[in-house]
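Structure first, then comments.
Just so it is clear, none of the values below were taken in a lab; they were calculated from the coordinates. Bear in mind the structure is a predicted one, so any value in this text is a computation, not a measurement. FYI the Cβ positions are ideal-geometry reconstructions off the backbone, even for glycines, and counts take in every protein chain you see.
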Amino acid sequence: MWVAVDGDDLLTSHLNPHQQKLENVRRDPRVTISFQGTEIHPPGLLEYLVVQGTATLEEGGAAELLQELAHVYLGPEVRFPPMDDPPPGVRIRIAVERVRGVGPWAG
């Protein structure tokens, strides 16, 4: 899953509005996302980040966000999603409440 930063919030994008993760957020907006890095930090732990927050669903804008993130993750010439007239989809906006892990953000 690709993640964007929008101010203090995180955004994810989903073309299918019936995905299980969206149903889960509709039921309970508390979310946790974990990211794994590649650097090893003392005492031998792989870098990681865990973000906890509250999610809200935003109708539409999913294809546009996916295109923006494709340029970041895949390159400036990539067209994504690779379809004509993609559905509007759903974005998940996560209001970050807690950040923890091992890495430069652990301060």
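A few notes on this one:
- Every residue from the range 1-20 that is surrounded by 13 or more Cβ atoms within 10 Å (Cβ to Cβ), of a type outside the set (A, V, I, L, M, F, W, C) and under 14 Å from the mean Cα position of the chain (by Cα): Asp9, Thr12, Ser13, His14
- One residue alone among Ala55, Ala95, Ala106 is in contact with a helix residue (DSSP H, G or I) (Cβ under 7 Å, 6 or more places away or on another chain) and not polar (S, T, N, Q), and that residue is Ala55.
- Of the strands (runs of 3 or more DSSP E) lying entirely inside the range 1-74, those containing at least 2 residues that are in contact (Cβ under 8 Å) with a residue 60 or more places away in the chain and not small (Gly, Ala, Ser) are 9-14, 30-41.
Per-residue answers, yes or no, for (1) under 28 Å from Arg79 (Cα atoms); (2) touching a Phe, Trp or Tyr at 6+ places or on another chain (Cβ under 9 Å); (3) not β-branched (Val, Ile, Thr):
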position	(1), (2), (3)
Val5	yes, no, no
Pro17	yes, no, yes
Arg26	no, no, yes
Pro29	no, no, yes
Pro42	no, no, yes
Val50	no, yes, no
Gly53	no, no, yes
Gly60	yes, no, yes
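- Search result, residues across the range 55-107 that are of a type in the set (S, T, N, Q) and surrounded by 14 or more Cβ atoms within 10 Å (Cβ to Cβ): Gln67
- Condition check for Val102: without any contact (Cβ under 8 Å) to a residue 24 or more places away in the chain and of a type in the set (Val, Ile, Thr): no
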